[in-house]
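Bear in mind these aren't lab numbers, they're just calculated from the coordinates by the rules spelled out. None of these values were measured; they are calculated from a predicted model. No Cβ is skipped: glycine too gets one built from the backbone with ideal geometry, and neighbour counts run over all protein chains shown.
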Amino acid sequence: MKSIYKNIGEHIRLVDERNKGLQVKQLLGLSISKKFIPSVANIIGTDMESYKIIRKNQFACSTMQVRRDKKMPVALLQEVDEAIISQAYPIFEVKNDKELLPEYLMMWFTRSEFDREACFHAVGGVRGSLEWEDFENLQLPIPSITKQREIVKEYNVIQNRIALNQQLIQKLEEIAQAIYREWFVEGIDLENLPEGWRVGKIGDLLDVINGYAFSSEDFSENGNFPIIKITNIAEPNIDLLSTQYYAGEIDNRLKKCLVTQNDILISMTGSHMNQINSAVGKIGRYNYQFPSLLNQRVGKLKPKFKCDEFVFLTMLQQNVKKEILMAATGSANQANISPDTIKGVDIIIPNETILHSFENFVSKVRKVISNHNREIRKLTQMKDLLLSKLATIEN
């Protein structure tokens, strides 16, 4: 079996095609989750001709700070035919796709074991960059092209089912927000509210619980309790795809920081460039069935009575977000909000009967969302199992 292991460098070559004449307009960035993302870089006054062109089925990667991030960002372009990316990223391609499928290679890069190996070979102190020669010397099993196609097909079936569930969840979240706007936004006159309705504060409905300031020694690659950081808030959800763990016991100081299914979390620190694209004030719903722990500067919004759906959807409204962000302190790159800031925001609070009806109605939508999330978790486990088996693959 070991005989089918080959050096990555034997099967790839660097590509350095510059954007001469500004022929390509779409600018992409590279995320630590191994995906291409729309770039948010300030390119005013930048020479875009120096940027690199990346074409379909080519890879971009970053070999910097691998040890610090415990991941090597690398992604395969498949969504578009061409784009441009910062000249800081090496671009490479498979030499012969009759011997190695780009999709199969990307599957290998997706494995957590690959990241651990890349981290082991990284040099240069705490941040630890990976030398290109060391990257090329990393190995992977390369079975027959027929076997590769079978593996990639199986992997894509799982990926497509995950993507379908994610699309359905997004549509259901949009439906829930549309219901909220219909009931509590559209046609509501502040000067003439329905009977029993009032203008109150968010603090009338919830308390804000701060996360715990874990020390560096508390973080582990394995454990019973994932630690939720600001980066795990992927509004309107919590994403534990990339996280560290707490392996110790839960004592009294940590009990209040426990997060359980359907809890509502908010980022209380982060960049604040504008109301639309801001890292501070992001809201996420925790959809996992196992508990996690809150890291510092992540807050939990704890409703004082049964109004979880109303609280969650209220916090997602742009006018509420805007008021919270306007009260943020600090700089644009490092803004902060406090529990009092959140609790002091003005909102419309309906009467008890309407609130109860709304909770019952939207909770049915939430149940369907939970079912889709449960299927995603099962499919993700299947995907991880398939990726782990790559190391023992045979022709």
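Starting from the Kirkwood Rh over alpha-carbon pairs, what translational D in µm² s⁻¹ does the range 87-206 have by Stokes-Einstein at 10 °C and 1.306 mPa s?
79 µm²/s
Which percentage, to the nearest 5, of the DSSP beta bridges contained in the range 2-140 is antiparallel?
95 percent
Calculate, in nm to one decimal, what D207 and Q381 gain on full extension: separation in residues at 0.36 nm each, minus their alpha carbon distance.
59.1 nm
Determine, from the Cβ-Cβ distance of A247 and E186 and an R0 of 45 Å, the FRET efficiency 1/(1 + (r/R0)^6), rounded to the nearest 0.05.
0.35
For the range 1-113, what is Rg from Cα atoms divided by 2.2 N^0.38 Å, rounded to two decimals?
1.11
Looking at the P(r) of the chain, how many percent of alpha-carbon pairs lie beyond 38 Å?
30 percent
Calculate how steeply helix 352-389 sits against the longest principal axis of the alpha-carbon atoms of the chain, using the helix alpha-carbon long axis, and give the answer as 0 to 90 degrees to the nearest 10.
So the helix axis and the longest Cα principal axis differ by about 10 degrees.
In whole angstrom, note down how far apart the Cα centers of the range 62-122 and the range 138-193 are.
Comparing the Cα centres of the range 62-122 and the range 138-193, I get a distance of 24 Å.
Which percentage, to the nearest 5, of the DSSP beta bridges contained in the chain is antiparallel?
Bridges in the chain are about 90 percent antiparallel.
Set the Förster distance to 35 Å, then compute FRET efficiency between S50 and Q334 from the Cβ-Cβ distance, nearest 0.05.
Rounded to the nearest 0.05, the efficiency is 0.70.
Pull out the extension gain between R18 and V157, defined as 0.36 nm times the separation in residues minus the alpha carbon to alpha carbon distance; nm, one decimal.
Result for the pair: 46.5 nm of gain on full extension.
Taking the Cα-to-Cβ direction at Q261 and at Q296 and moving 7 Å from each Cα, how far apart do the two end points lie in nm?
3.3 nm
Would you mind computing Rg(Cα) / (2.2 N^0.38 Å) for the range 261-371, counting N as its residues?
Details: Rg = 14.7 Å, N = 111, 2.2 N^0.38 = 13.2 Å.
Dividing the Cα Rg of the range 261-371 by 2.2 N^0.38 Å gives 1.12.
Round to the nearest 10 and give me the degree value, 0 to 90, for the angle of helix 145-184's Cα axis relative to the longest principal axis of the chain.
Tilt relative to the chain: about 20 degrees.
I'd like the FRET efficiency for K367 and L164, computed as 1/(1 + (r/R0)^6) with the beta carbon distance as r and R0 of 22 Å, rounded to 0.05. Can you show the working numbers first?
Numbers: r = 19 Å, r/R0 = 0.85.
Given R0 = 22 Å and the Cβ-Cβ separation, E is 0.75.
Quickly estimate the mean residue ellipticity at 222 nm for the chain, helices only: each DSSP H run with n ≥ 4 gives -39500 (n - 2.57), and the total goes over all residues, rounded to 500.
Dividing the helical sum by the residues of the chain leaves -10500 deg cm²/dmol.
Give the order of M382, M107 when sorted by the count of other beta carbons within 10 angstrom, beginning with the fewest.
In increasing order of surrounding Cβ atoms, one gets M382, M107.
Please label the shape of the range 198-349 as rounded, prolate or oblate, based on the square roots a ≥ b ≥ c of the eigenvalues of the alpha-carbon gyration tensor (a/c under 1.5 means rounded; beyond that, a/b larger than b/c means prolate, else oblate).
Values: a/c = 1.93, a/b = 1.44, b/c = 1.34.
Prolate.
Does the range 58-125 come out rounded, prolate or oblate, given a ≥ b ≥ c as the square roots of the eigenvalues of its C-alpha gyration tensor, rounded meaning a/c under 1.5 and, failing that, prolate meaning a/b above b/c?
Taking the square roots of the gyration eigenvalues as a ≥ b ≥ c, the range 58-125 is oblate.
Provide S33, S357 in ascending order of the number of other Cβ atoms located within 10 Å of each residue's Cβ, fewest first.
Lowest count first: S357, S33.
Between the range 5-58 and the range 200-243, how many Å separate their Cα centres?
The range 5-58 and the range 200-243 have Cα centres separated by 33 Å.
If the limit is 22 Å between Cα atoms, which of K71/K383; K71/K229; K255/K367 go over it?
K255/K367, as the Cα separations exceed 22 Å there.
Figure the gain on full extension for Q78 and K6 (residue separation times 0.36 nm, minus the Cα-Cα span) and round it to one decimal in nm.
Full-extension gain reported as 23.5 nm.
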